[in-house]
Amino acid sequence: MSQGRDDAGRFTETVSDQDVLKVFDYYDDPVLTAQEVADGLRQFGKQMTNEGVRNRLGRMHEEGLVERKKFGARAAGWWATVAPELDPDTEEAVESRRESDEWVEL
């Protein structure tokens, strides 16, 4: 079995859509290039080629998760239209404190 493939020889997805969406939260700039998304994924220990990122962003665009604007024949900017889901541990902590007095209203 080669790296990135399952027992049947099919490619396995090692970068989730949530991983991609987290990159948009990581950067201060709301509009990113595919190269910036690939660089951001590497910051989280995920590897994906620029072409893979472009393909993933294209699919996510079709699903309404990201939007894009073309800036020329080969340049495009991308931005998230939805937020990433909370990590399960974080979500559990938030839910456990929802009715608690630990939260302070401003």
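Quick note: the coordinates plus some simple rules give every number you see, no bench work behind them. Note that this is a predicted model, so its numbers are computed, not measured. Heads up, the Cβs are rebuilt from the backbone with ideal geometry, glycines too, and the neighbour counts pull from every protein chain shown.
Counting only lysines at least 8 places from residue 46 when in the same chain, those with an alpha carbon closer than 20 Å to its own are 22. Rg of the Cα atoms in segment 17-83, relative to 2.2 N^0.38 Å, amounts to 0.98. Farthest toward the positive end of the dipole of segment 17-83, out of 66, 44, 82, is the Cα of 66, where the dipole comes from beta carbon charges about the Cα centre.
Across segment 79-92, computed HN-Hα scalar couplings (Karplus, 6.51 cos²θ - 1.76 cosθ + 1.60, θ = phi - 60°) run 8, 7, 9, 9, 8, x, 6, 5, 4, x, 5, 5, 4, 5 Hz from first to last residue, x flagging Gly and Pro. For the pair residue 27 and residue 85 in one chain, pulling the backbone fully straight at 0.36 nm per residue adds 19.2 nm over the alpha carbon distance.
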